[in-house]
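The values are calculated or read from the model by the stated rules, or taken from the named source; none is laboratory data. Here the structure is a predicted model, which means the values were calculated and not measured. Cβ coordinates were reconstructed from backbone atoms using ideal geometry, including for glycine residues, and neighbour counts include every protein chain displayed. We work out accessible area using only protein heavy atoms, side chains counted, and drop any ligands, DNA or RNA first. Shrake-Rupley method; radii C 1.70, N 1.55, O 1.52, S 1.80 Å.
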Amino acid sequence: MENRYHSLEEIRLRKAELRSELQKERGTIGGMTHSLFQKEDESVRPTRRIVGIMSRGANIVDGAILAWKLYRRFRPEQKKKLQPRKRSRFRLF
């Protein structure tokens, strides 16, 4: 999308519009980050607390399994011996 402006006044108006949009977005982003780092209520029900602990535990186990799979896939193979390549009939060199 290409904007073509014919005067300085049009540029100033567009700049003011963009600035007001940015201010609105900053407000919503600020509210979201505040809600992320907000301290939880101490009056949380015990069942909700247990569910939260179970969820965190499941995430930790899932992360550990993923780390183990990645380690096994990308670890250096020192136990295997390198076997010579088989010669092909169609080998050029």
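Quick look at the numbers
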quantity: Within region 1-25, tally of residues that are of a type in the set (A, V, I, L, M) and open to solvent by less than 90 Å² (accessible area, probe 1.4 Å); calculated: 3
quantity: Leading residue by the ranking (modelled with the highest pLDDT) among those in region 26-64 that are among the charged types (D, E, K, R) and surrounded by 10 or more Cβ atoms within 10 Å (Cβ to Cβ); calculated: Asp62
